[in-house]
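*Asks:* Here it is, the structure in full.
The values are calculated or read from the model by the stated rules, or taken from the named source; none is laboratory data. What you are looking at is a predicted structure, and each value in this text was computed from that prediction instead of being measured. Virtual Cβ from ideal backbone geometry, glycine too; neighbours counted across all protein chains shown. The accessibility values were calculated without ligands, DNA or RNA, using every heavy atom of the protein model including side chains. Shrake-Rupley method; radii C 1.70, N 1.55, O 1.52, S 1.80 Å.
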Amino acid sequence: MTQSSLFATYARADLKFEKGEGAWLTTQDNRRFLDFAAGIAVNSLGHAHPHLVDALKAQAEKLWHVSNLYDIPGQQRLGERLCAATFADKVFFTNSGAEALECAVKTARRYHYGKGNVDKTTIITFDGAFHGRTLAMIAAGGQEKYLEGFGEKAPGFVNLPAPDIDLVKSAVGETTAAILIEPIQGEGGIREIAPSFLQALRSLCDELDILLIYDEVQTGVGRTGYLFAHQEYGIEPDIMAIAKGIGGGFPMGACMAREEVAQAMVPGTHGSTYGGNPLAMAVGNAVLDVVLEEGFLERVRDISLVLKQRLAEIRDAHSDILTEIRGRGLLLGLKLTVPPAELLAACRGEGLLAVPAGDNVLRLAPPLIIGQEEIDFAMNSLDKALAKVSANQKDNH
Ligand SMILES: *Cc1c(COP(=O)(O)O)cnc(C)c1O
């Protein structure tokens, strides 16, 4: 390793990408990789999508930043479109997923405060959750490895060991403000939450005036073949955090809420210097232009079926290493008998990029625009990589 001026917070692979086109990346030394990680579910439309490039260039030549001291027409437009397509009536724009969740938690607490319930501040979350890396969100996620060494855990978060409605019922009380959950745990290992559990949460929340918050930072914006994952089941939240895919690679996020909930966030209660700036809004609107196009999400669902079928065949052929295929749409997990880093290294050797997740899972999150050519290449690479890992296993025993 060469000396670096950077914080050593990331275990970086020795790959330097210079250029991207669609689902493909090229390194400085001209090696080509198929990107089935998509910046961890960020590059929803792949790299250098012409419509996004045009939108960003056009905005860059007009206006970059003005501050939320002024009306920003792109915010109005993107806000209206996100609301029209979802349960939400109001939107607050942020720069990242963690910030969208911070806003979600603040909004939930302020809703109860506005109703005179000043003690309703506790947020219930679940084991394996990931909600970002701010001090509050590492408390929300509850994972010891992210909390260690950073002082007192932020108060007001209770992490339950499993998505079990009896556990939730015994945990809720006078101080419960909200329940926060990812419809599919991404970092946690592509762990799907049963619709019946979400329904049970919805009913409990309605009964006790507790707010239901979805973290769709990873699952949102077409990733599961629906605009938002929960829309497949029709079980709606009161507040939702989004980010990643909505910017297609431009840093942005949003907190969305029902009118009755959002109205607690009166002038002065929250703010962001960059949140919703004209550049981000131009790109966010351009992403929606494509994702909301007639037939786009249907195509994601169709290509997902093709990919899952091929993955099932590969699992059958390599069941010593690959035991289960998980997930929905184009957010898929390969449950392994070896550390995911091992298979990932072998995949990279075959020109395929993926990303590890918890629970011994290798995650596939390709751009939503992949076609048959990409699937063929990815499955061929994966097949070879699994064979290599399997051979290594046998050598070692
Ligand atoms: C990535 C992610 C976050 C955090 O987003 P950042 O933009 O890194 O702050 C939060 N929740 C989920 C589910 C995520 O996947």
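*Asks:* So if I check each of Glu260, Glu232, Glu192, which one is farther than 19 Å from Arg326 by Cβ and surrounded by fewer than 22 Cβ atoms within 10 Å (Cβ to Cβ)?
*Replies:* Step by step, each of Glu260, Glu232, Glu192 is checked, and only Glu260 is farther than 19 Å from Arg326 by Cβ and surrounded by fewer than 22 Cβ atoms within 10 Å (Cβ to Cβ).
*Asks:* Sort out which residues of segment 319-335 are assigned to a strand (DSSP E or B) and open to solvent by 10 Å² or more (accessible area, probe 1.4 Å), and write them in order of number.
*Replies:* Once the filter is applied, which keeps residues that are assigned to a strand (DSSP E or B) and open to solvent by 10 Å² or more (accessible area, probe 1.4 Å), segment 319-335 yields Thr323, Glu324, Ile325, Arg326, Arg328, Lys335.
*Asks:* Please go through segment 71-97 and give me each residue that is of a type in the set (A, V, I, L, M), out of contact with any Leu (no Cβ under 6 Å at 6 or more places or on another chain) and either modelled with pLDDT under 95 or not in a helix (DSSP H, G or I) (or both), ordered by number.
*Replies:* Ile72, Ala88
*Asks:* What number of residues in segment 22-61 are surrounded by fewer than 14 Cβ atoms within 10 Å (Cβ to Cβ) and within 16 Å of Gln218 (Cβ to Cβ)?
*Replies:* Counting residues in segment 22-61 that are surrounded by fewer than 14 Cβ atoms within 10 Å (Cβ to Cβ) and within 16 Å of Gln218 (Cβ to Cβ) gives 0.
*Asks:* Right, next: Looking at (1) touching a His at 6+ places or on another chain (Cβ under 8 Å); (2) open to solvent by less than 40 Å² (accessible area, probe 1.4 Å), which is the one condition that is false for Val118?
*Replies:* All conditions pass for Val118, except number (2).
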